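The values are calculated or read from the model by the stated rules, or taken from the named source; none is laboratory data. It should be emphasised that the depicted structure is a prediction, and the values quoted were computed from it without experimental measurement. Cβ atoms come from the backbone with ideal geometry, glycine included; neighbour counts cover every protein chain shown. Surface areas here come from the heavy atoms of the whole protein model, side chains and all, with no ligands, DNA or RNA. Shrake-Rupley method; radii C 1.70, N 1.55, O 1.52, S 1.80 Å.
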Amino acid sequence: MIRQSSFAPLIAELDAWADAGKMAEFWWRDDDAIRQGPILDRLLLTAGKSPLALAVIPGLLEASLVDCLARHPNVSVLQHGWVHENHAGPGEKKAEFRLNRPIEVMLDEIGQGYQKLEMAFGPRFAPVFVPPWNRVAEELAARLPDVGLTWLSVFTPRTGRELPPPRINTHVDPIDWHGTRGFLGMEQTLNQAIAHLRMKRLGLPDIDITEPTGLLTHHTVHDGECWAFLNNFNMLVRDHPAARWVDIRDLVQI
């Protein structure tokens, strides 16, 4: 088991879970998958046998990714938008699926993506919609089941009081998107995980204690420090007696 001093705060939190007789569940979502290549290969090597959910951009999908994932039964596929194109207006935060376009047009694009991924990956494809930039209009989200997508995944703790469809969200992002766009740093990244775990362990209000802690990664932008962190984080979750990785396909009960 990892006992590096840099991971000590997270280990202490997981030890508290063990003392309470609880099991901390984690799931891993990686965004922007399109094709097989050296960077994706490194992600798959880092994950090893741990369950990994790849959010695939259906409109940009290449056959090499389909062939690659056929050799990795621990990897599932989620739908990441349509072509990951920004339709936000001037001064607005980036988004592919807000109310900048007619809902029926957007729903048609999402439906095309669903059909493409279902055909390419079969039962490996979980019916989870991951909107680019983690933003989607609630009016559109409510229509996702119309095209077969029965779950939504963004970046925020689930409260259990959200409008349909149900959420399976992420909470730990190791990228410094508003600064260097490299590794956010050990302390800040671990604090995200610890905060979510502690709120669940203590049963604090305004949080769904049944939601697994979600790790969100973007393999195409990882630097060396980020890869090292992910390797150690993965091993810690695998090895700690009060932690485990869970497969998204089990979480959404398909």
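Report Rg(Cα)/(2.2 N^0.38 Å) for the chain, keeping two decimals. The partial results should precede the final answer.
On the way: Rg = 17.8 Å, N = 254, 2.2 N^0.38 = 18.0 Å.
Cα-based Rg divided by the globular estimate yields 0.99.
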Isotropic mean projected area of the C-alpha convex hull, segment 60-194 (nm²): 9.9 nm²
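Hey, what's the Kirkwood Rh for segment 194-241 if you take every pair of different alpha carbons, in angstrom? If you can, show how the numbers build up before the last one.
Values: mean 1/r = 0.0788 Å⁻¹.
Evaluated over segment 194-241, this radius sits at 12.7 Å.
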Karplus-derived HN-Hα couplings along segment 169-186 (A = 6.51, B = -1.76, C = 1.60, θ = phi - 60°), whole Hz, x at Gly and Pro: 9, 10, 9, 10, 10, x, 9, 8, 5, 9, x, 6, 6, x, 5, 5, x, 4
Alpha-carbon centroids, segment 1-79 and segment 131-191: separation in whole Å: 16 Å
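Keeping all protein chains in place, calculate the accessible area per residue for segment 167-210 (probe 1.4 angstrom), answer in Å².
On the way: 2150 Å² over 44 residues.
Using a 1.4 Å probe on heavy atoms only, each residue of segment 167-210 averages 49 Å².
Counting only heavy atoms of protein chains, what accessible area per residue, in Å², does segment 1-153 have with a probe of 1.4 Å? Provide the component values of the computation, followed by the final result.
Values: 6750 Å² over 153 residues.
Per-residue value: 44 Å².
Using the alpha carbon gyration tensor of segment 145-249, what are the three equivalent-ellipsoid semi-axes (square root of 5 times each eigenvalue), largest first, in whole Å?
Values: eigenvalues 118, 63, 40 Å².
Working from the Cα gyration tensor, I get semi-axes of 24, 18, 14 Å.
With all protein chains present, how much of the accessible area of segment 58-124 (probe radius 1.4 Å) comes from carbon and sulfur, to the nearest whole percent?
Details: 1850 of 3450 Å².
Carbon and sulfur atoms account for 54 percent of the accessible area of segment 58-124.
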Net charge, Asp67 excluded, C-beta distance under 15 Å - Lys, Arg +1, Asp, Glu -1: +1
Counting DSSP beta bridges with both ends in the chain, the antiparallel % (nearest 5): 5 percent
Trypsin sites (Lys or Arg not before Pro) restricted to segment 59-96 and DSSP loop, no more than 12 other C-beta within 10 Å: Arg71, Lys93
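Using just the helices of the chain, give the 222 nm mean residue ellipticity in deg cm²/dmol: DSSP H runs with n ≥ 4 each add -39,500 (n - 2.57), and the total is spread over all residues, rounded to 500.
Details: 8 runs with 89 residues, N = 254.
After summing the helix terms and dividing by residue count, I get -10500 deg cm²/dmol.
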Cα-based convex hull, segment 1-122, per residue volume (Å³, whole number): 186 Å³
